[in-house]
Amino acid sequence: MTTSRRILLAGMAGLAVAPAAVAAVPAPARDDTTVAEERFARMIAAAHAPDVNCARQAERYADTHWPDYVMAARAVLGARV
């Protein structure tokens with residue numbers, strides 16, 4: 001599977017659970033975030049970047065905004081178990 005397809009699917013998964021995750025906890029916590037949650041949150045953030053076609057801009061957006069997507073990443077990873 002290509003990288004762009006993985007990013008797109010992760011973004012769609014994050015959108016599916018984001019409303020429920022945002023309602024559960026208002027502010028993301030950086031202190032207790034696992035490596036898997038951070039990586040998945042960065043992938044979801046990259047998929048939601050304003051200009052997904054430019055990898056460099058999507059990466060910068062993900063570096064800045066990944067804490068906003070931690071709850072969605074936790075919900076997706078928790079649903080897999």
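Since every read-out is calculated from the coordinates, none of them should be taken as a lab result. Because the structure is a prediction, the values reported are computed rather than measured. Note that each Cβ is placed from the backbone with ideal geometry, even for glycine, and that neighbours are counted across all protein chains shown.
Some points to look at:
- When each of the peptides 40-50, 58-68 is scored by how many other beta carbons lie within 10 Å of its residues on average, the order from highest to lowest is 40-50, 58-68.
- Taking Lys and Arg as +1 and Asp and Glu as -1, the other residues whose beta-carbon sits under 12 Å from that of Ala36 total +2.
- Neighbourhood charge, 12 Å Cβ-Cβ cut-off, centred on Arg60 and excluding it, Lys, Arg +1 and Asp, Glu -1: -1
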